[in-house]
Amino acid sequence: MKLSDKLDGIRVLIVDDELDILLSLIELLDVCVLDKATDYETAKELILKNHYDAAILDIMGVRGYELLDFTRAKGIPTLMLTAHAMTKDDLDRSLESGAMAFIPKEKISEIDVYLSDVLEAQEKGLGKFGKWYKRLESFFADHFKWNVLQEKILAYEKYVYWLDSCDFSSLKGVLEEDGKPMIEAKKAVCVPLSKNVKVGFVAPDAWERYELCKRQLSWYRNSLHAGQFLVVSSYEFEAKGVKPETVIRPSKFHVRLVPSRAEKMIMIESKKYQSAKPQEWENIAADDSGLHDKWLKIMGVRGISYEEIFITHCANHSNFIEPNYFISNENGTVPYSIAKTNHICSACLELFNIIGYQFREKLVVPCPGAVLFAGMAPNRYYDVLQPE
């Protein structure tokens with residue numbers, strides 16, 4: 001298939017405060033349907049209002065990193081295009097913040113190629129493992145004297161521990177003696193999943209304090225881990241008797257089959273799901289007024305009610321309790337998330353092994369909270385494996 005055919009008709013948002021750059025992009029991407037913005041406010045409004053197949057953002061002149069937060073939350077594959085922010089730190093920050101490519105403006109003439117690379121990587125569930133960085137590897141090596149981009153992308157790894165108060169206090173003391181203090185999660189339980197948090201923890205009483213997800217986190221109180229401390233680390237502890245419950249790593253898994261609405265309704269009626277769910281979980285009427293509409297707006301979900309999306313939330317959790325959608329490998333039955341990020345809720349329950357602990361391996365798509373608070377890649381599957 002020709003490159004122009006791949007890009008024909010896709011809707012792309014292009015944002016740059018330099019008119020000549022916008023005109024170049026318009027000419028180079030003439031087969032695409034383009035929306036254009038030259039400032040932050042206009043771009044933000046367009047992102048929140050519309051659906052895009054991709055976005056191309058400048059960094060310096062339009063508050064590109066802030067716009068990236070919005071495109072990432074909506075699962076829009078995003079390319080950062082820059083000249084003035086051509087530093088290794090900006091490259092690292094762009095990728096770690098959720099961009100799928102970092103393109104120097106010196107290479108703008110090939111923007112159609114890089115856009116196609118990103119869309120192919122998105123389609124195949126490869127995240128940042130597209131062809132674009134191979135094409136630019138020598139450029140980065142010359143410009144930054146650095147050619148280990150793939151190692152940076154592969155570096156994400158989190159170890160999840162559940163500890164009683166005695167073991168937690170002991171581990172905390174050891175780490176503090178070594179000059180490695182734990183960071184307590186303040187905003188949300190998913191914060192310790194961030195690459196920027198080397199060791200984070202959530203105290204047992206904290207699950208009641210997070211107003212944003214209070215209803216969702218009622219699963220914790222009904223779980224085998226109720227009353228325990230959650231510790232999430234970027235490395236495995238050497239402390240005797242302290243073993244990780246799960247290890248989380250990026251996966252190249254690409255979803256094969258997802259349920260219809262009718263099939264989701266059947267999954268929700270599962271006896272195992274009905275028995276496992278806490279009473280508070282389905283009481284969405286108790287949520288703060290306006291919270292659902294705000295959530296739908298941020299996610300760019302239109303033409304569907306929160307109550308309808310909640311069917312997917314429930315069916316997704318049900319699939320990790322009594323799987324209908326799964327793959328099989330040497331670890332047995334491996335259930336997977338049945339929707340994209342903007343239709344997923346409380347994925348931390350699967351990532352932290354509160355739901356789905358019966359299965360040695362799970363494939364989990366992060367929810368919007370994990371994307372916003374922890375920088376996890378939207379629409380990407382993460383492998384959650386219980387070590388032997």
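The values are calculated or read from the model by the stated rules, or taken from the named source; none is laboratory data. These numbers were taken from a predicted model, which means no experiment stands behind them. Positions of Cβ are backbone-derived with ideal geometry, glycine not excepted, and every protein chain shown enters the neighbour counts.
Quick notes
- Selected residue (only one of Pro204, Pro244 is on the phi < 0 side of the Ramachandran plot, in contact (Cβ under 8 Å) with a residue 12 or more places away in the chain and touching a Gly at 6+ places or on another chain (Cβ under 7 Å)): Pro204
- Taking region 158-196 as the range and being part of a loop (DSSP other than H, G, I, E, B), of a type outside the set (Gly, Ala, Ser), within 21 Å of the chain's Cα centre (by Cα) and farther than 18 Å from Glu236 by Cβ as the test, the residues that pass are Lys186, Lys187, Val189, Cys190, Asn196.
- Pair list, Cβ < 8 Å and 6+ apart or interchain, from region 260-278 residues that are under 13 Å from Thr312 (Cβ atoms) and in the same structural domain as Ser318 (by TED's automatic domain parsing) to residues that are aliphatic (A, V, I, L, M) and surrounded by fewer than 18 Cβ atoms within 10 Å (Cβ to Cβ): Arg261/Ile311; Lys264/Ile311; Met265/Ile311; Ile268/Ile311
- Among the residues of region 264-293, the ones that are within 25 Å of the chain's Cα centre (by Cα) and in a loop (DSSP other than H, G, I, E, B) come to 4 in all.
- Residue in region 43-56 that is surrounded by 22 or more Cβ atoms within 10 Å (Cβ to Cβ), at pLDDT below 90 and on the phi < 0 side of the Ramachandran plot present: no
- Of all the residues in region 360-388, those that are assigned to a loop (DSSP other than H, G, I, E, B) and closer than 19 Å to Leu230 by Cβ number 6.
- Some residue of region 294-315 being assigned to a loop (DSSP other than H, G, I, E, B), in contact (Cβ under 8 Å) with a residue 12 or more places away in the chain and either outside the structural domain of Asn379 (by TED's automatic domain parsing) or under 29 Å from Val232 (Cα atoms) (or both): no
- Among the residues of region 243-263, the ones that are of a type outside the set (D, E, K, R), within 22 Å of Cys190 (Cβ to Cβ) and in a loop (DSSP other than H, G, I, E, B) come to 4 in all.
- All helices (runs of 4 or more DSSP H) inside region 1-103 with 1 or more residues being over 21 Å from Asp117 (Cα atoms): 19-28, 40-49, 64-73, 88-96
- Residue in region 319-337 that is within 25 Å of Asp69 (Cα to Cα), crowded, with 17+ Cβ neighbours inside 10 Å and not assigned by TED's automatic domain parsing to the domain that holds Trp207 present: yes
- Residue selected from region 90-111 under the condition in contact (Cβ under 8 Å) with a residue 60 or more places away in the chain and surrounded by fewer than 19 Cβ atoms within 10 Å (Cβ to Cβ), by the criterion nearest to Ala73 (Cα to Cα): Ser97
- Residue match in region 203-217 (condition: at pLDDT 90 or above, crowded, with 19+ Cβ neighbours inside 10 Å and not aromatic (Phe, Trp, Tyr)): no
- When residues of region 127-157 are limited to those that are surrounded by 19 or more Cβ atoms within 10 Å (Cβ to Cβ) and aliphatic (A, V, I, L, M), the one modelled with the lowest pLDDT: Leu149
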